[in-house]
Each structure stands twice: as C-alpha cells, then as structure tokens.
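Below is one structure, written out as structure tokens; the observations come after it.
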Amino acid sequence: NIPAESISSETYWKGDQAYFKVRGKVRETKVLDTNMVLYREISTALGSKRFFIKDEVINEGFQRSPHMFLYHFNLGHPLLDKNSYLVANSKDVVPRDKVATERSEKHDQYLSPTKDYPDTVYYHQLIPDEEGYCQVALINDNLKIGLYLRYKQSNLPNLIQWKFTGEGNYVAGLEPSNCLVEGRAKERERGTLQELAAGEKKEYEVEVGLLTSEEEIIDYKKSLRK
C-alpha cells in the first residue's frame, strides 16, 4: 500500500536489440523504529518472453530490523484452469494446516472454480540446480502454455504455494520467500526470523518467463529432471 517514488524508465539498444528498464523505490518506516528501503528494477528485452525483477533491500535505520521478504505471484485464468498443474523439484512438501492436509486433490493439481474452496497453503523445499537456482512452473497442457519462476535458493529458501480456486476468486499463488506466512511471532518462535543490521543490505533476483508451446513445456520438464 506504499506508493513507489523516484520512478524512472529507460529504453536502450545493444546492437540491434532493444531493452527496457523500470526503476523505483519504496520506503517502510516508523517513528523510533524501522527504516527500510526497497530499490526495485524490472527489465526485459524487446520480443522476449521473460523479464527480471532485481531488488535491493537496505536497512537505513540505526538498529537491527526484522526482514521478512516474499514475492507473491498471483496466476489466474486462462493459464489456471481445471487440470492445470504445478511442476517443481520439491524434496519436501508440507501442508500448512489441517485444511491443506485434508484436501482431496493433490497439492500439484488444480480444480475448476469450486464453491467455498478454502484458503489452502503448502510449503515446499526445492532442489536447486548446479548454479543454486530453483525453478517452479504452472502449466496448462490444453492451451500449451506455462509460466515459470527462477530464483536463487540462497536468499529465497522457501516456496509457498497458495491455492484459492474458488468462485470469483480463482487464483494460484507462487511465493518464493525467506520466511513462511504465519507472522513474525511464529518466525521468532522457530528461530527463523531474519533480520538486517543497521546499514546491511540484501539483494534478490527473480526471472519470470513464459512457455508458449508443447515443445517448450517438454524441454522445461526435461531440464528440471536433469
């Protein structure tokens, strides 16, 4: 709910290729407390089917501050539909609560819009590739399309899968994060609450890409199996 400031955009060329960047910053601050700044850059190339989000979070305050950081990607129709499915190298999938534990469909399966579908969450631990990157995708074989995320596990160790496929609110949420979604008190209790010292910064990058053919979907699945 905090609007960005210092917003700028840039178009530039390298040879015959055009590139685009948008930048801005958001400050989270409270009197006698937190003073955190997020610097964000979103970039892509003309004709590309992917874009990159680069973030830098800096504690500009004078004391240590909690640092819970989560990307919330909401994917909907037509990518999300009956029989759409999740693809990920998950070594561990944990239901958040009784609601998720008792679902009749598997965690990686999606239904058509369902009356009174509950708020359903799963926690994934993904297996990174040789370069330390994790990947996850939502795929619709009927339309032969998919959307994937790629990010470094070192800064974003958790993948949270949010399913809310109700009537009128039909959403598949994919959420790389450095925390879970039960609040700071729970993170403190588990000893997993991350903090930034005064002047400390953390950098993040997420690649968001499209798969637009059956061949690309097949190749993507093969690359994950490797």
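The values are calculated or read from the model by the stated rules, or taken from the named source; none is laboratory data. This structure is a prediction, so every number in the text was calculated from the model and none was measured. Quick reminder, even Gly has a Cβ in these numbers, built from the backbone with ideal geometry, and neighbours come from all protein chains shown. Just so you know, the surface numbers come from the protein's heavy atoms only, side chains and all, with ligands and any DNA or RNA stripped out. Shrake-Rupley method; radii C 1.70, N 1.55, O 1.52, S 1.80 Å.
Conditions (1) over 18 Å from the mean Cα position of the chain (by Cα); (2) polar (S, T, N, Q); (3) under 18 Å from R23 (Cβ atoms), marked per residue:
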| position | (1), (2), (3) |
| --- | --- |
| E41 | no, no, yes |
| G47 | yes, no, no |
| I53 | no, no, yes |
| N59 | yes, yes, no |
| P66 | yes, no, no |
| L75 | no, no, no |
| K82 | yes, no, no |
| S90 | no, yes, no |
| R96 | no, no, no |
- Query: So is H124 open to solvent by 50 Å² or more (accessible area, probe 1.4 Å) and either touching a residue at least 60 places away in the same chain (Cβ under 8 Å) or not basic (K, R) (or both) or not?
  - Reply: no
- Looking at region 41-51, which of its residues are in contact (Cβ under 8 Å) with a residue 24 or more places away in the chain and either open to solvent by 50 Å² or more (accessible area, probe 1.4 Å) or touching a Leu at 6+ places or on another chain (Cβ under 8 Å) (or both)? L46, K49, R50, F51
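Here is a yes/no grid of residues against (1) closer than 28 Å to N169 by Cβ; (2) modelled with pLDDT of 95 or more:
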residue	(1), (2)
T11	no, yes
T34	no, no
L38	yes, yes
S48	no, yes
F69	yes, yes
- Taking region 28-40 and keeping residues out of contact with any Ser or Thr (no Cβ under 9 Å at 6 or more places or on another chain), in a strand (DSSP E or B) and exposed (fewer than 15 other Cβ atoms within 10 Å of the Cβ) leaves T29
- Check region 147-164 and report whether any residue there is part of a strand (DSSP E or B), of a type outside the set (V, I, T) and under 30 Å from V31 (Cβ atoms). no
- Pick from region 56-96, criterion part of a strand (DSSP E or B) and open to solvent by 70 Å² or more (accessible area, probe 1.4 Å), ranking: nearest to V181 (Cα to Cα): N74
- For E195, are the conditions met, namely being open to solvent by 70 Å² or more (accessible area, probe 1.4 Å), more than 26 Å from G47 (Cα to Cα) and touching a residue at least 24 places away in the same chain (Cβ under 8 Å)? yes
- Residues (of a type in the set (A, V, I, L, M) and either free of Cβ contacts under 8 Å to residues at least 12 places away in the same chain or open to solvent by 70 Å² or more (accessible area, probe 1.4 Å) (or both)) located in region 210-226: L210, I218
- On the given criteria, is S177 open to solvent by 50 Å² or more (accessible area, probe 1.4 Å) and under 22 Å from E56 (Cβ atoms)? no
- Query: Does region 211-226 hold any residues that are over 13 Å from L86 (Cβ atoms), part of a helix (DSSP H, G or I) and hydroxyl-bearing (S, T, Y), and which are they?
  - Reply: S223
